[in-house]
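These notes concern the structure reproduced below.
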Amino acid sequence: MGTPGEGLGRCSHALIRGVPESLASGEGAGAGFPALDLAKAQREHGVLGGKLRQRLGLQLLELPPEESLPLGPLLGDTAVIQGDTALITRPWSLSRRPEVDGVRKALQDLGLRIVEMGDENATLDGTDVLFTGREFFVGLSKWTNHRGAEIVADTFRDFAVSTVPVSSSSHLRGLCGMGGPRTVVAGSSEAAQKAVRAMAVLTDHPYASLTLPDDAAADCLFLRPGLPGVPPFLLHRGGGDLPNSQEALQKLSDVTLVPVSCSELEKAGAGLSSLCLVLSTRPHS
C-alpha cells in the first residue's frame, strides 16, 4: 500500500467478507476453536465495516458469506497487496485454500495485477507478512515457509524482503505491526520481542518501537485515507478489548486512534489484519 519514497501509501478501498453461520460452531470454525456467539461476531464485523467506510472514508466492498468457508472472514490471509499488485497466497490449511477464489475475482475487478503462487511446496498466509512502507518482513511460522517468503520477494522486487522466525503459535502480524509510518508496535511476550529484535538486525531503516502489554493489541492497521487533509488513522483493538494496552496506544500522538472490537471473532483466530484487505486502486497517484 505504498510506493518507494512514500511509505505506507494512501488507501481508497477495503475488502471484507461476511460472517457465515458455520463459523458459530467449533466444528465449523476448525479443530480447537470454541463455539462462537454468532450474533456478536456479526455485530463486531458490521462495526468494523462501518468504521472502514464512515470513519476512514474508504469504499467498502463486502463479499457475501459462504457456509462452506467458515473461516472466510479472515480474508487478510488470502492476499498480499502492495501498489497495483496482489499476490494471491497459498494457505497452509488445505481447507482454507478455496477462500482465495472470491478474493482473486474481487481484486481482478478492481484492476489489480494478480500474481499466483504456482509452487506446490510453498505456503503463505497474508497475516505473516508485514509491510512497513519501506520493506517487507515475512514471518516463518506454522503457516508460512521459506518458499512462500521467496515468492513474496520475487513478486515485490522494488522492496527488500527479510524473513523473521516466529517462535509462537501466532502469525507475525499477531505479534507486531506498524503504529505509524516509522513506528513498530509489538506485544510484550518473548515471541513478540524476539521478532522485533530480529527485524531490527535485518533492517537498514531506523524504526521507533512501542511495546504493548498484549500481543494482540499490536495487530493493528496504520492507514492513510485518500481524502485530502485527513490525518492518518490507526485502527486498533478497543471497545473493551485488551484494556491494559489502551494507555500505551495513547502515546502514538501522530495518528488518530480508531478503536474496534473483535473479541468474539478472535475465538476463531481472527485479528484485525486478518479481517480486511485495504488497498489503493491508484497506487502511483
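With θ taken as phi - 60° and the coefficients 6.51, -1.76 and 1.60, list the Karplus ³J(HN,Hα) couplings across the stretch 56-65 in order, rounded to whole Hz; mark glycine and proline as x.
9, x, 8, 6, 9, 10, 10, 6, x, x
Projected area of the stretch 128-257, taken from the Cα convex hull and averaged over every viewing direction, in nm²?
Values: hull surface 33.2 nm².
Computing the convex hull of the Cα atoms and averaging its projections yields 8.3 nm².
Mind giving me the nanometre distance, one decimal, between the label points for residue 38 and residue 55, set 7 Å out from Cα along Cα→Cβ?
Taking the simple label geometry, residue 38 and residue 55 are separated by 2.7 nm.
Using just the helices of the chain, give the 222 nm mean residue ellipticity in deg cm²/dmol: DSSP H runs with n ≥ 4 each add -39,500 (n - 2.57), and the total is spread over all residues, rounded to 500. Intermediate results must be reported in sequence, preceding the final value.
Details: 6 runs with 54 residues, N = 285.
Result for the chain, helices only: -5500 deg cm²/dmol.
Relative to the present Cα-Cα distance, how much length would full extension add between residue 247 and residue 142 at 0.36 nm per residue of separation? Write down the numbers at each step before the final one.
Values: separation 105, 0.36 × 105 = 37.80 nm, distance 3.19 nm.
Answer, rounded to one decimal: 34.6 nm.
Just the Cα atoms of the chain, one point each, no solvent: what log10 I(q)/I(0) does Debye give at q = 0.07, 0.12 Å⁻¹?
Listed by q, the Debye log ratios stand at -0.21, -0.68.
Take residue 68 and residue 208, extend 7 Å from each Cα along the Cα→Cβ direction, and tell me the distance between the two endpoints in nm.
Placing both labels 7 Å beyond Cα along the Cβ direction yields 4.9 nm.
Over all distinct Cα pairs, what is the inverse of the mean 1/r for the stretch 194-243, reported as the Kirkwood hydrodynamic radius in Å? Kindly include the intermediate steps, with their values, before the conclusion.
On the way: mean 1/r = 0.0747 Å⁻¹.
By the Kirkwood definition, the hydrodynamic radius is 13.4 Å.
Which value, in Å², gives the accessible area per residue of the chain when a 1.4 Å probe is used on the protein heavy atoms? Walk me through the numbers before you get to the answer.
Details: 11810 Å² over 285 residues.
Accessible area per residue, the chain: 41 Å².
If I build a Gaussian network model for the chain, linking alpha-carbon pairs within less than 10 angstrom, which residue out of 16, 114, 88 has the largest mean-square fluctuation?
Result for the chain, Cα springs under 10 Å: 114 fluctuates most.
Give the percent of DSSP beta bridges with both residues in the chain that are antiparallel, rounded to the nearest 5.
On the way: 18 of 44 bridges.
Taking every DSSP beta bridge with both residues in the chain, the antiparallel ones total about 40 percent.
What does the extension gain come out to for residue 109 and residue 201, with contour length at 0.36 nm per residue minus their alpha carbon separation? Kindly include the intermediate steps, with their values, before the conclusion.
Numbers: separation 92, 0.36 × 92 = 33.12 nm, distance 3.94 nm.
Taking residue 109 through residue 201 to full extension adds about 29.2 nm, to one decimal.
Over the stretch 170-272, what is the relative contact order in whole percent, taking alpha-carbon pairs under 8 Å and six or more residues apart? Write down the numbers at each step before the final one.
Details: 183 pairs, mean separation 26.2, N = 103.
Result for the stretch 170-272 is 25 percent.
Would you work out what percent of the accessible area of the stretch 33-100, with all protein chains in place, is carbon or sulfur (probe 1.4 Å)? Don't skip to the answer; put the middle values down first.
Values: 1600 of 2900 Å².
Heavy-atom surface of the stretch 33-100 belonging to carbon and sulfur, 1.4 Å probe: 55 percent.
Which order do the peptides 247-260, 162-175 take when ranked by the mean count of other beta-carbon atoms within 10 Å per residue, highest first?
Working: 247-260: 15.4, 162-175: 22.2.
In descending order of packing, they fall as 162-175, 247-260.
The values are calculated or read from the model by the stated rules, or taken from the named source; none is laboratory data. Small disclaimer: the values here were computed from a predicted structure and weren't measured. Don't worry about glycine lacking a Cβ; one is built from the backbone with ideal geometry, like all the others, and counts go over all protein chains shown. Protein only, heavy atoms only, side chains kept; ligands, DNA and RNA dropped before computing areas. Shrake-Rupley method; radii C 1.70, N 1.55, O 1.52, S 1.80 Å.
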